[in-house]
Structure formats: C-alpha cells, structure tokens
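Below is one structure; the comments refer to it alone.
The values are calculated or read from the model by the stated rules, or taken from the named source; none is laboratory data. Every value quoted in this text rests on a predicted model; they were computed, and no experiment measured them. Every residue, glycine as well, gets a Cβ built from its backbone with ideal geometry; the counts of neighbours run over all protein chains shown. We work out accessible area using only protein heavy atoms, side chains counted, and drop any ligands, DNA or RNA first. Shrake-Rupley method; radii C 1.70, N 1.55, O 1.52, S 1.80 Å.
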Amino acid sequence: MRENGFRAEEIDTTKPHPARIYDYLLGGKDNYDVDRQAGEQLIAAAPEARIGVRANRAFLRRAIRHVVGTGVRQFLDIGTGLPTSPNVHETALEVAPDIRVAYVDNDPIVHTHAGALLSAAGTTGIVLADLRDPRAILDDPDVHAVIDFDEPVALLLVAVLHFLTDADKPEEIIATLRDALAPGSHLILSHATGDFADRSGAAAVYSKATASMNLRTRTEIERFFDGFELIDPGVAQVPFWRPDTPPPPRSREIGFYGGVARKLT
C-alpha cells in the first residue's frame, strides 16, 4: 500500500471525529480532549453508549467468524475506524490463515495509525477514501492489490452508514458496492437507531462533530440489504445476533441493529 504523510494542520482536532469518539468509548487512547468530551456527552445522553459500542464490536467478531466459515477469505472494511484490537484481520485469522483485508477510512489519523499497525501484515492494507464516493474505492489500485473482485468478498459497513444523511443517497452507495461483488459475497452491516429510546440528545452530540448522526428505524435499515439475502435472525439488536455468550446488562436498550446477508447472484 502507498505511504501517505500528513502535516499536523491537515488533521482537524478542533471538532470531535466519530472514529475517535468510538475509540474513546472502547477504551482506546487514539483520541483528543475534544473527542473525550463528546464521548462523555454521549454517555450522558445515552447511558448505554459504552456497552453499545462494545456489543457492536462483539457482533462484528461473530459476523466475521460466520462469513469466514462460509469460505470467504477477503474483507473490504469501509469506515474501519481506529484499529482497536482484535480488529478484522486478527479475528478472521483466528479462523483461517489465508485472509486478505482492505481497510478504508476518510480520516488521516485512522490512515496513519492503521498504516503503522498493518505495515507488517502482508495481506492487509489501508486506503484513505470516503464511502460517499464508492466508485473511487472500487477503482483504487491499492484496494485491487488486496481484493480480487472476481472472488467472494465480505463488505463491512459497520457503524458507518448512520454518518450519511439521506441526501448522501446511502442506498445508491450500497448498490454500487453490491454490484461490484461476486456471487457468494456477504454484507456485514450495523447501524444506530432510536427505536428503543429517544436518542435525539445523543444524535445532537454529533452536530458539533465532523459528521452528523442519522438514526434510522429497523425498516429503513433493512432496505440497505436490498439485493442480498439476509441470514437468520435477520436484522436484530447487535447483542442478539447469534450470541455466543449471555448478552450484557441493559442489552434491550442498545441502539444498534446488525445483520449479515449473502449475495446470491
């Protein structure tokens, strides 16, 4: 993967960034005071926020293991965020040795940290790109250095689509990505919701961040799976998607849906 350097002034530390807020909620250290303040405001508005992001991370790990079990060996993780361990390739490698992962994010800090972490990984890479321009992702030579689109791919859109507004046309973005995938590919997706409590206060925290939070209902989220076949149990709150341990306390309050689906043709 190509090495990109960034001057300090190119990285905006005056506003919270979703990836760095998420890192803070997970207990990470790759964040700034402005991100930590936003994280605490988020917890005040949605007390289950910290257990919610951890449950979302656990969902991701279960979904990865399922997809690897179907024979998929390639992952395109868009909106990867800061590389909290265990990350996608570490989780997949627990199941199979021949894993390839292309990480994509639009934050230079994510790119820099992930690039340092992945420099020795060999079959992984990090690309600086934006989900709002899916064609650029699909055409990027660094993505093609890792991903063979003639073979099944697991497309990961985990906790990222809620940062797109309806004006960004997320359904069209997913359709562009879906149409580039071979049969047997999978979509792993999670998304924030206000179905279980009024979370307008939590969404308001992101009004001062670099991306807004756009909560959607289960029905709206299910539409993102058009063209795929959802596997059981369909779109569910993340702690209840094929749990392998008892769900954490307050799981019924967690405002994250998750689902995994397969592309048949």
request  = Please enumerate the residues belonging to the range 222-244 that are in contact (Cβ under 8 Å) with a residue 24 or more places away in the chain and more than 21 Å from Ile173 (Cβ to Cβ).
outcome  = Ile231, Gly234, Gln237, Val238, Pro239, Trp241, Arg242, Pro243, Asp244
note = Asp105 fails exactly one of (1) in contact with an Asp or Glu (Cβ under 8 Å, 6 or more places away or on another chain); (2) closer than 13 Å to Ala19 by Cβ, namely (1)
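Residues checked against (1) of a type in the set (Lys, Arg); (2) over 20 Å from Phe59 (Cβ atoms); (3) at pLDDT 90 or above:
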{"residue": "Asp107", "(1), (2), (3)": "no, yes, no"}
{"residue": "Arg132", "(1), (2), (3)": "yes, yes, yes"}
{"residue": "Ala154", "(1), (2), (3)": "no, no, yes"}
{"residue": "Thr176", "(1), (2), (3)": "no, yes, yes"}
{"residue": "Ala180", "(1), (2), (3)": "no, yes, yes"}
{"residue": "Pro183", "(1), (2), (3)": "no, yes, yes"}
key: Residue that is nearest to Phe225 (Cα to Cα), among those in the range 161-186 that are of a type in the set (Val, Ile, Thr) and either part of a helix (DSSP H, G or I) or open to solvent by less than 20 Å² (accessible area, probe 1.4 Å) (or both)   = Ile174
query = How many of the residues in the range 138-160 are open to solvent by 10 Å² or more (accessible area, probe 1.4 Å) and outside any helix (DSSP H, G or I)?
reply = 11
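Considering only residues that are part of a helix (DSSP H, G or I) and closer than 24 Å to Ala180 by Cα, which ones fall in the range 62-94?
Within the range 62-94, Ala63, Ile64, Arg65, His66, Val67, Val68, Gly69, Val88, His89, Ala92 meet the criteria.
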message = If a residue must be touching a residue at least 24 places away in the same chain (Cβ under 8 Å) and part of a loop (DSSP other than H, G, I, E, B), how many such residues does the range 246-258 contain?
response = 6
